[in-house]
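To start, the structure itself, in structure tokens.
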Amino acid sequence: MEKKKILIVEDEASLHESLGEFLSAEGFEVLNAYDGEEGLAIVREKKLDLVLLDIILPKKDGYEVLAEIRKDEEMKNVPVILLTNLESAEDVQKAFEKGATTYLVKSDYKMEEVAEKIKETLKK
Amino acid sequence: MRFINDLNLKKQADELGVSVWQTPGFLFIVLGLVAAAVMAATFYLSQNYGSPEVLILSECAVAILVLTVGNSVIRVFEQMAKVNKMKSEFVSVASHQLRTPLSAIRWETELLLSKFKKGLSEKQVKNIESISLLSARMTRLVNDLLDVTRIDQKRLLMKKEPVNVSALAEESIAEMSDLAKSRNVEIIFIPKKNMPKITGDREKIKMVMENLIGNSVKYTTNRGKIEIKVFKKDNSIVFSIKDNGVGIPEEQQNRIFDKFFRSDNCVKYQTDGTGLGLYIAKSIVEQSGGEMWFKSVENLGSIFNFKLPIK
């Protein structure tokens with residue numbers, strides 16, 4: 001079976017290392033982007049199975065990236081899990097309005113649980 | 001006494017962080033002096049000149065003066081409100097900034113413990129485990145601080161969903177069972193069926209229960225017993241937790257819901273904590289339309305209760 005392709009859009013390099021390595025070990029193919037524009041370019045270019053998206057990002061924030069993904073005919077169906085440290089009700093609501101598939105607060109989740117959520121989302 | 005205190009402008013200025021001539025007290029004195037001077041002047045003018053033009057002119061002058069002083073009073077209040085808002089924003093931004101490196105630490109340690117455990121010695125695993133526990137504790141502290149700022153700003157948003165309190169109590173107990181086992185404390189709970197649901201924020205009510213259970217476990221020494229009951233009383237569901245722990249000294253009982261308050265027993269029994277748990281718990285219960293109360297006897301134990309209305 002081919003490996004599922006996951007993109008991590010995150011400006012914090014150490015989170016790429018830990019989460020990227022963890023997810024690779026779980027059997028995913030992991031791609032990395034460090035700002036919103038780079039992330040969007042990769043989503044456009046590669047056929048991805050899922051995107052993990054931070055909200056506070058350089059160049060384009062997560063909401064903008066999400067809105068552009070959902071507007072585009074080719075990309076609009078890719079599941080997007082927001083993975084951020086913002087956790088106010090306003091942020092969560094805004095994310096779902098823009099079309100987030102799931103919303104996870106980083107500091108509340110272990111990577112194991114993030115991986116679980118990814119697998120659940122991919123099954124749907 | 002209060003009046004004299006209000007006149008201590010230097011102190012007021014220091015407390016508010018503004019200069020003396022900007023304190024509300026000073027400005028009100030100016031306002032009073034202006035009013036008195038104006039009355040005297042108007043009286044003098046009407047006695048000596050008596051023409052309506054002079055009177056109208058002097059009244060206009062008064063209006064302008066009052067508006068100018070009044071305006072600076074308002075500006076000072078605005079400035080104070082701004083400073084207060086900035087303070088809360090600072091706590092909130094600082095907490096968010098702390099969470100990013102904290103999640104990084106937690107994930108790095110998780111990676112080591114889950115995927116690279118084979119290469120580690122037993123001692124190393126223990127060390128990494130304690131890093132993991134400590135960073136989890138710090139994350140909780142940061143989360144508590146964020147909740148407190150939200151409560152203080154009246155911005156803590158609560159969901160409105162149907163909640164089965166008895167089932168939620170079972171879940172909370174299950175989450176706390178490891179802690180209870182590690183302290184050799186037994187938790188007794190017999191769930192009741194067919195209880196009416198309440199309307200509230202499930203996650204937040206669960207947080208309140210876990211806080212109370214956590215406290216009971218932490219302050220109950222070896223072979224302790226905790227009894228939890230959930231029952232219907234009048235138009236409310238009551239959650240009650242009784243322990244045979246160390247209790248709270250009587251003279252400190254009226255302060256336990258204060259922010260950052262920690263009883264002497266915390267120090268004595270070396271439990272970790274921030275002194276924010278009960279403050280947050282009580283605020284959540286009250287914001288859900290309920291009440292929280294307790295009874296405690298030192299060395300015998302405590303009973304904590306909260307009730308939530310059935311809507």
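The values are calculated or read from the model by the stated rules, or taken from the named source; none is laboratory data. Note that the structure is predicted; figures quoted are calculated from it, not measured. Counting neighbours? That spans all protein chains shown, and the Cβs are built from the backbone with ideal geometry, glycine included.
Got a sec? Which of B:Ile56, B:Ile128, B:Ile105 is part of a helix (DSSP H, G or I), among the β-branched types (Val, Ile, Thr) and more than 30 Å from A:His16 (Cα to Cα)?
Only one candidate passes the filter, namely B:Ile56.
Take the range B:77-124 and flag every residue that is of a type in the set (S, T, N, Q) and free of Cβ contacts under 8 Å to residues at least 24 places away in the same chain.
Looking only at the range B:77-124, we keep the residues that are of a type in the set (S, T, N, Q), and these are B:79, B:84, B:88, B:92, B:95, B:97, B:100, B:103, B:109, B:114, B:121, B:124.
Selection gives B:Asn84, B:Gln97, B:Thr100, B:Ser114, B:Ser121, B:Gln124.
Yes/no per residue for (1) within 20 Å of B:Asp201 (Cβ to Cβ); (2) part of a helix (DSSP H, G or I):
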| position | (1), (2) |
| --- | --- |
| B:Val230 | yes, no |
| B:Ile237 | yes, no |
| B:Ala281 | yes, yes |
| B:Met292 | yes, no |
| B:Lys295 | no, no |
| B:Ser302 | no, no |
| B:Phe306 | yes, no |
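Taking the range A:15-28 as the search range and keeping residues that are within 7 Å of another protein chain (Cβ to nearest Cβ) and surrounded by fewer than 19 Cβ atoms within 10 Å (Cβ to Cβ), which one is nearest to A:Leu83 (Cα to Cα)? Steps first, answer last, please.
To start, the set of residues in the range A:15-28 that are within 7 Å of another protein chain (Cβ to nearest Cβ) comprises A:15, A:18-19, A:21-22, A:25.
If we keep only those that are surrounded by fewer than 19 Cβ atoms within 10 Å (Cβ to Cβ) too, we end up with A:21, A:25.
Working: A:Glu21: 16, A:Ala25: 19 Å.
This residue is A:Glu21.
Here the range A:102-118 is the region considered, the condition is being loosely packed, with under 14 Cβ neighbours inside 10 Å and more than 15 Å from B:His96 (Cα to Cα), and the residue that is nearest to the other protein chains (Cβ to nearest Cβ) is A:Glu112.
Please work out if A:Glu38 is acidic (Asp, Glu), more than 14 Å from chain B (Cβ to nearest Cβ) and within 23 Å of B:Thr100 (Cα to Cα). Spell out how you get there, then give the answer.
Details: acidic (Asp, Glu): yes; more than 14 Å from chain B (Cβ to nearest Cβ): yes; within 23 Å of B:Thr100 (Cα to Cα): yes.
The answer is yes for A:Glu38.
Which residues, counting only those in the range A:46-88, are among the β-branched types (Val, Ile, Thr) and under 30 Å from B:Val148 (Cβ atoms)? Explain how you work it out, then say what you get.
First, pick out the residues of the range A:46-88 that are among the β-branched types (Val, Ile, Thr): A:51, A:55-56, A:65, A:69, A:78, A:80-81, A:84.
A:Ile55, A:Ile56, A:Ile81, A:Thr84 - these are the residues of the range A:46-88 that are among the β-branched types (Val, Ile, Thr) and under 30 Å from B:Val148 (Cβ atoms).
Note on the range B:204-228: residues that are in contact with a helix residue (DSSP H, G or I) (Cβ under 9 Å, 6 or more places away or on another chain) and under 17 Å from B:Lys192 (Cβ atoms) amount to 3.
Exactly one residue out of A:Leu57, A:Leu83, A:Leu31 is hydrophobic (A, V, I, L, M, F, W, C), within 14 Å of chain B (Cβ to nearest Cβ), closer than 26 Å to B:Glu110 by Cα and not in a loop (DSSP other than H, G, I, E, B): that is A:Leu83.
Selection of first residues in the range B:244-259 that are more than 23 Å from B:Gly224 (Cα to Cα) and of second residues that are modelled with pLDDT of 85 or more and of a type in the set (Ser, Thr, Tyr), restricted to Cβ pairs under 7 Å at least 6 apart or on distinct chains, gives the following pairs, ordered by first then second residue: B:Phe257/B:Tyr279; B:Asp258/B:Tyr279; B:Lys259/B:Tyr279.
Within the range B:160-180, the set of residues being farther than 12 Å from B:Ile226 by Cα and out of contact with any helix residue (DSSP H, G or I) (no Cβ under 7 Å at 6 or more places or on another chain) comprises B:Lys160, B:Pro162, B:Asn164, B:Val165, B:Ser166, B:Ala167, B:Glu170, B:Ala174, B:Asp178. If you go through the range B:149-189 and keep only what is closer than 24 Å to A:Ala89 by Cα and away from chain A (no Cβ under 14 Å), you end up with B:Asp152, B:Pro162, B:Val163, B:Asn164, B:Val165, B:Leu168, B:Glu171, B:Ser172. Given the residues B:Ala63, B:Ala41, B:Ala35, B:Ala13, which is the only one that is modelled with pLDDT of 80 or more and assigned to a helix (DSSP H, G or I)? Just a single option satisfies the conditions, and that option is B:Ala63. For the range A:86-101, filtered to residues that are more than 14 Å from every other protein chain (Cβ to nearest Cβ) and surrounded by fewer than 17 Cβ atoms within 10 Å (Cβ to Cβ), the residue that is farthest from the chain's Cα centre (by Cα) is A:Glu97.
Tell me, yes or no, whether the range B:214-225 has at least one residue that is part of a helix (DSSP H, G or I), surrounded by fewer than 20 Cβ atoms within 10 Å (Cβ to Cβ) and without any contact (Cβ under 8 Å) to a residue 40 or more places away in the chain. No, the range B:214-225 has no match at all. Scanning the range A:42-70 for residues that are free of Cβ contacts under 8 Å to residues at least 40 places away in the same chain and either under 25 Å from B:Ala104 (Cβ atoms) or of a type in the set (D, E, K, R) (or both) yields A:Ile42, A:Val43, A:Arg44, A:Glu45, A:Lys59, A:Lys60, A:Asp61, A:Tyr63, A:Glu64, A:Leu66, A:Glu68, A:Arg70.
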